[in-house]
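Novice: Pasting a structure below so you can have a look.
Derivation of every value follows stated rules applied to the coordinates shown; laboratory data play no part. Quick caveat, the model's predicted, so the values are computed rather than measured. Cβ atoms come from the backbone with ideal geometry, glycine included; neighbour counts cover every protein chain shown.
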Amino acid sequence: MVSNDRDNHTPISSVTEEEPKLLIYSRRAFSFFTGIFLIAILFIFPLYYRDYYFDILNVKYRFYYISVLAMATCVLVTAIVLLVVDLVQFNGRYTVRFFSHFTPKNIRKTFTVPDVAMACFLLVATISTLLSDYLYEAFWGNEGRFTGLFLLLVYGISFYIISKLFRFKSWFLDIFLAASMLVCLFGITDFFQMNLLHFKDNISPKQYSIFTSTLGNINTYTAFVSLTIGVSSVLFASEKKVWKCIWYYVSLMTALFAIITGQSDNAYLALLALFGLLPLYMFRSWSGIKRYAVILASFFSVIQIIDWISQAMAGRVLKIEGIFSVLVRFSGLAYIVIALWVLVGVLYLSKYTLKKQEIEVGKWPRRAWAILIVVVIAAGIFVLYDANVAGNGERYGALKSYVVIDDEWGTHRGYIWRLGIENYKEFSPIHKIFGYGPDTFGIITVNNNYYEMVNRYNEIFDSAHNEYLQYFVTIGPFGLAAYLVLLVSSVLRMIKKAGDNPYVVATAFAVVCYGAQAFVNINLPIATPVMWTLLMMGLAGCRDTDENRREP
């Protein structure tokens, strides 16, 4: 009888040894598939192209969704195999454990605020699509920029896979920065009109200044570089190893040079967000304060260097225009640069530098900076009120075109925003709640404003040029609210749960910089997938703070 029992049942010692292997193998398999996907999106995707700028949107779009679907297929097949193994060898013990996470008792531990916000965002987008008068176009986004329900669902699939299965590793951000450096360097060579990759061989010379690098339009380029600046600034400000610190500083300086020479005014919103919010993270120690001073001094130095280059190589480089031209023409720029570097020298030669240990400075620097942020925001609101409502725009001189928001503001963005709001007012009650359907802004304007757009600007505007207004009009206020909660809760969670891991914080600041420039930019499946991927990585790093400490 004893012999028969041994033949029919797995020995206890064997079960104890085999059970952990199933979990180990599953983690390794999921980490492998998610890792391959991240390499594809963070390194290959930004550099990938086929027919230069002529099909750049289509090519990037296909590359992204095929990558996501391939990863999802591999994960699903692996999960099925593991399920079968679990049922055969362990009587479904781990399957039961997995589904127990979704019981009413454990559901709050399983789903975080970003998880719920993402689910709500996708649910509202789905309802919006089903209620749309243009269901096919709303699903595929083919009458806009391919950001229809299909792409949003693809974002959702990758969101839950990466945030739940990826094992956070810092080197993924390093390969992202490596690819970013190539993107930025190609953009910088375009500023010098070198055309190294021959992207501009067959486009009109009039368009040379509005297309750059491997990403297309300068606004899309700015959106991508803003992610690079968010990551590299935090890592430089936090890094203690000399060689890594140098790498992150070079990355940051290259990105700053690229974003300025890219000449999209969208950049200043990303930079304002970075320089405004970074001290709230860095002003915890004297080391952070000193690094912030270096970043600030370096930024103005880059502007000064670009000014010198523009003067010395006039005619051989693209002309600097927009808000950065105002900074370049400022007569006191050189004095600001000198004063900031003197400040850096004073900070590094202070008595605190002689101490080896990290010196905490308490909460007062961050509180003081928070008060300064409130004052600046209040001043900004007053300026906008004074220039637009009170009609005193003339008193702001060269900045008038930036503070007076009319139809011509921001290369007709004021006009586009007005069209979007006026069209929304005419929606039926159900469309006011759920929008007109994802990425149907172009259908709305063509149906209602075609002749006005063509007669006035000889253009058709198929996007709101404001990601938040775009979502408001196309998927309604609830869809926009879910998206905003997703972004804000994700950033707060990353900063709160990061512990001493600056790599997680770096992904949070990348999202912040992207979110700032999105107020005046288009959501395209060229730069936006990278933002989503960095956000997912950051949330993955929050799953278990103790297991995701900074790597040595």
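Novice: Can you compute the helix-only [θ] at 222 nm over the chain? Use -39500 (n - 2.57) per DSSP H run of at least 4 residues, normalise by all residues, nearest 500 deg cm²/dmol.
Specialist: My calculation for the chain gives -22500 deg cm²/dmol from helical runs alone.
Novice: For region 404-548, give the magnitude of the charge dipole about the Cα centre (Cβ charges: +1 Lys/Arg, -1 Asp/Glu; no others), in debye to the nearest 20.
Specialist: It works out to roughly 300 debye.
Novice: Now for a separate question. How high is the FRET efficiency between N447 and I44 when r is their beta carbon distance and R₀ equals 41 Å, given to the nearest 0.05?
Specialist: It comes to 0.60.
Novice: Follow-up question, since we're still on this one. Which order results if S401, S100 are arranged by neighbouring Cβ count within 10 Å, fewest first?
Specialist: Fewest-to-most ranking of S401, S100: S100, S401.
Novice: If you don't mind, there's one more thing I want to ask. What's the local net charge at R456, with K and R +1, D and E -1, over the other residues with C-beta under 11 Å away?
Specialist: Net charge around R456: -4.
Novice: Here are some pairs, K21/K164; K164/K244; K241/K290; K169/K497; K169/K244; K21/K109; which of them have Cα atoms lying more than 18 Å apart in this structure?
Specialist: K21/K164; K164/K244; K21/K109
Novice: Using a 7 Å offset from the Cα along the Cα-to-Cβ direction at both A70 and I203, what is the distance between the two label points in nm, to one decimal?
Specialist: Label at A70, label at I203, 2.7 nm between them.
Novice: Based on the mean of other Cβ atoms within 10 Å per residue, sort peptides 372-381, 290-299 so the most packed one is first.
Specialist: Put in order of decreasing packing, that is 290-299, 372-381.
Novice: Excluding residues on the same chain fewer than 8 positions from K319, give the lysines whose Cα lies under 26 Å from its Cα.
Specialist: Hits, sequence-local ones excluded: K200, K206, K400.
Novice: From Cα pairs below 8 angstrom and at least 6 apart in sequence, can you work out the relative contact order of the chain, rounded to a whole percent?
Specialist: Relative contact order of the chain: 24 percent.
Novice: How big is region 300-432 by Rg and Dmax over its Cα atoms, in Å?
Specialist: 22.2, 68
Novice: Extension gain I323-S100, at 0.36 nm per residue separation less the Cα-Cα distance, in nm?
Specialist: Here the answer is 74.8 nm.
Novice: Taking other Cβ within 10 Å of each residue's Cβ, how do D406, D115, D190 sort, fewest first?
Specialist: In order of increasing Cβ crowding within 10 Å: D406, D115, D190.
Novice: If you don't mind, there's one more thing I want to ask. Relative to the longest principal axis of the chain, what angle (0 to 90°, nearest 10) does the C-alpha long axis of helix 441-457 take?
Specialist: 10
Novice: Once both axes come from the Cα atoms, what is the angle between helix 242-261 and the longest principal axis of the chain, in degrees from 0 to 90, rounded to 10?
Specialist: With both axes taken from Cα atoms, the answer is about 50 degrees.
Novice: With angles folded into 0 to 90 degrees, how steeply does helix 218-238 sit against the dominant principal axis of the chain? Use alpha carbons for both and round to 10.
Specialist: Here the helix axis deviates by roughly 70 degrees.
Novice: For the pair V376 and A312, how long in nm is the line joining their label points, each one 7 Å along Cα→Cβ?
Specialist: A separation of 3.1 nm, rounded to one decimal place.
Novice: Where nothing but the Cβ of Lys and Arg (+1) and of Asp and Glu (-1) is charged, how large is the charge dipole of the chain around its Cα centre, in debye to the nearest 20?
Specialist: 1920
Novice: Rank by packing, highest mean first: peptides 407-416, 306-315, with packing defined as the count of other Cβ atoms within 10 Å averaged across residues.
Specialist: Going from most to least packed, we get 407-416, 306-315.
Novice: Is the shape of region 145-267 rounded, prolate or oblate, going by the alpha carbon gyration tensor and its root eigenvalues a ≥ b ≥ c, with a/c under 1.5 for rounded and a/b larger than b/c for prolate?
Specialist: Oblate shape, in that a/c is at least 1.5 and b/c is the bigger or equal ratio.
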